[in-house]
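Everything on this sheet refers to the single structure shown next.
The values are calculated or read from the model by the stated rules, or taken from the named source; none is laboratory data. Nothing here was measured: the structure is a model prediction, and the numbers come from that model. In this analysis, Cβ positions are derived from the backbone assuming ideal geometry, glycine residues included, and neighbour counts consider all displayed protein chains.
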Amino acid sequence: MTANNNLIKELVNQYGRDRTSLMPILQGVVEQNNYISDVDMTEIAKELDLSAAQVFGTATFYAFLDTVPRGRFVIRVCKTITCDMHGKKLIIQTLEDMLKIKVGETTQDKKFSLLETNCLGWCHKGPSMLINHDVYSELTPEKVQKIIAEYIHK
């Protein structure tokens, strides 16, 4: 049994085998591994007696349930029109320049992934971004440089 199988069994024991347990189990796998593999989805389907298509459909529907490997720190920049009007393009450019990657990519050392996402709920203080679970708002290129500098040393 692999480490991921053990994780999935632990999550199933914690949340149960009902269809309603699917989301917390998927979230638990992402929390631990930064993404959900095809093998993980198949194992979850077996444990919950669901079709692999049901699990895959749920996992791929939600932006925060990554189905491809991501970096240790996943940076999600809000792409709403409000954040765009407040300078989101400069924030993206600053991140791309600092990390030497484009939106949708992961650094070679697997430390950072840069993504755009729908509303983070901080439009009143845009532009905003989320790094894993931490929200940063009212961003400027200077603020972003300081924030990323701190994460580089983690």
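Per-residue answers, yes or no, for (1) outside the structural domain of Met41 (by TED's automatic domain parsing); (2) over 24 Å from Gln32 (Cβ atoms):
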{"site": "Val55", "(1), (2)": "no, no"}
{"site": "Thr67", "(1), (2)": "yes, no"}
{"site": "Leu95", "(1), (2)": "yes, yes"}
{"site": "Lys100", "(1), (2)": "yes, yes"}
{"site": "Asp109", "(1), (2)": "yes, no"}
query = Does at least one position in the range 116-128 carry a residue that is at pLDDT 95 or above and in contact with a Gly (Cβ under 9 Å, 6 or more places away or on another chain)?
reply = no
Options Thr60, Thr82; residue that is under 16 Å from the mean Cα position of the chain (by Cα) and on the phi < 0 side of the Ramachandran plot = Thr60
ask   = Just one of Tyr62, Tyr35 is surrounded by fewer than 18 Cβ atoms within 10 Å (Cβ to Cβ), touching a Pro at 6+ places or on another chain (Cβ under 9 Å) and either over 26 Å from Thr106 (Cα atoms) or not small (Gly, Ala, Ser) (or both); which is it?
value = Tyr35
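Residues are listed down the side, and each one gets a yes or a no for (1) at pLDDT 90 or above; (2) touching a Lys or Arg at 6+ places or on another chain (Cβ under 8 Å):
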position	(1), (2)
Gln32	no, no
Lys46	yes, no
Leu50	yes, yes
Asp66	no, no
Cys83	no, no
Glu96	yes, yes
Lys111	yes, yes
Leu114	yes, yes
ask   = Can you name the residue in the range 123-144 that is exposed (fewer than 14 other Cβ atoms within 10 Å of the Cβ) and part of a helix (DSSP H, G or I) and is also farthest from the chain's Cα centre (by Cα) among such residues?
value = Glu142
remark   = When (1) out of contact with any Gly (no Cβ under 8 Å at 6 or more places or on another chain); (2) of a type in the set (A, V, I, L, M, F, W, C); (3) in a strand (DSSP E or B) are applied to Ile147, the one that fails is (3)
inquiry  = Can you tell me which condition Asn5 does not meet? The list is (1) among the polar types (S, T, N, Q); (2) out of contact with any strand residue (DSSP E or B) (no Cβ under 7 Å at 6 or more places or on another chain); (3) within 30 Å of Ile148 (Cβ to Cβ), and all the others hold.
reply    = (3)
inquiry  = Please verify whether Ala53 is surrounded by fewer than 16 Cβ atoms within 10 Å (Cβ to Cβ) and within 17 Å of the chain's Cα centre (by Cα), treating the condition exactly as stated.
reply    = no
task = Would you please name the residue that is modelled with the lowest pLDDT, looking only at residues in the range 1-30 that are small (Gly, Ala, Ser) and either closer than 23 Å to Val74 by Cβ or crowded, with 17+ Cβ neighbours inside 10 Å (or both)?
result = Ala3
task = May I ask you to list the residues in the range 17-36 that are more than 14 Å from the chain's Cα centre (by Cα) and touching a residue at least 12 places away in the same chain (Cβ under 8 Å)?
result = Arg17, Asp18, Arg19, Ser21, Leu22, Met23, Pro24, Ile25
